[in-house]
Amino acid sequence: MAIEGDMRKGSPARRAGVALAITVLLTAGAIVFLGRGAYDWVKAVHVMAIIAWMAGMLYLPRLFVYHSEAPKGSPQSETFKVMEHRLMTIIMNPAMVIAWVLGVWLAWQGAWLWSGWFLAKFALVLGLSGVHGSLSASVRRFAEDRNEKSSRYWRIMNEVPALLMAGIVILVVVKPF
């Protein structure tokens, strides 16, 4: 499997690392040079990170549905392994880190840290992060041909990030308490 060589020059992992570094540097630069005026720019990058993270959170369980139906060792199974690994390491992990770091900064700058809606949102984001961790462990299990979950299980799990996301968006936009 080609996963081990993903940090070679020009590889997707290397390009993702460079993109992550540029994003972090530009965001840090905006914070330093714009001060309080950076809030909306940081929020925009935060939203982009959330979109990328959620795209992966919604797509990865769907890949698991198809992977769990593919025979172990088949060309399809090997292709799914590469796709799952890259999705997790190149898109989902960096997006989650950016979302968390900028989200905490936004909450601090906006003085939301002790607001009821924010605490409820924070609990849901912790849950979403737990699902992310579970999916990460599943990527490893699939890579080792040790998945024991059915495609039906993965179809149900595919809905969990969407439900958490719906709660988070409602809390952020409506701020009901």
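The values are calculated or read from the model by the stated rules, or taken from the named source; none is laboratory data. Computed from a predicted model, the values in this text were never measured in an experiment. When we count neighbours, we look across all protein chains shown, and the Cβ atoms used for this are built from the backbone with ideal geometry, even at glycine.
Among the conditions (1) of a type in the set (A, V, I, L, M); (2) without any contact (Cβ under 8 Å) to a residue 60 or more places away in the chain; (3) crowded, with 16+ Cβ neighbours inside 10 Å, Leu128 misses just one, which is (2). Condition check for Phe122 on (1) surrounded by fewer than 16 Cβ atoms within 10 Å (Cβ to Cβ); (2) closer than 30 Å to Lys175 by Cα; (3) out of contact with any helix residue (DSSP H, G or I) (no Cβ under 7 Å at 6 or more places or on another chain): one failure, at (1). Among the residues in the range 10-26, are any surrounded by fewer than 19 Cβ atoms within 10 Å (Cβ to Cβ) and either at positive phi or at pLDDT 95 or above (or both)? Within the range 10-26, one or more residues are surrounded by fewer than 19 Cβ atoms within 10 Å (Cβ to Cβ) and either at positive phi or at pLDDT 95 or above (or both). Restricting the range 38-78 to residues that are assigned to a helix (DSSP H, G or I) and basic (Lys, Arg) leaves a set whose member that is nearest to Ala99 (Cα to Cα) is Lys43. A search for C-beta distances below 7 Å between a residue of the range 131-148 that is closer than 17 Å to Glu159 by Cα and any residue that is of a type in the set (Phe, Trp, Tyr), counting only pairs 6+ apart in sequence or on different chains, returns Ser138/Phe64.
What number of residues in the range 46-67 are buried (at least 21 other Cβ atoms within 10 Å of the Cβ) and either at pLDDT below 95 or more than 23 Å from Met165 (Cα to Cα) (or both)? Final tally of qualifying residues: 1.
Just one residue in the set Lys72, Lys43 is in contact (Cβ under 8 Å) with a residue 12 or more places away in the chain, of a type in the set (Lys, Arg) and within 29 Å of Leu164 (Cα to Cα); that residue is Lys43.
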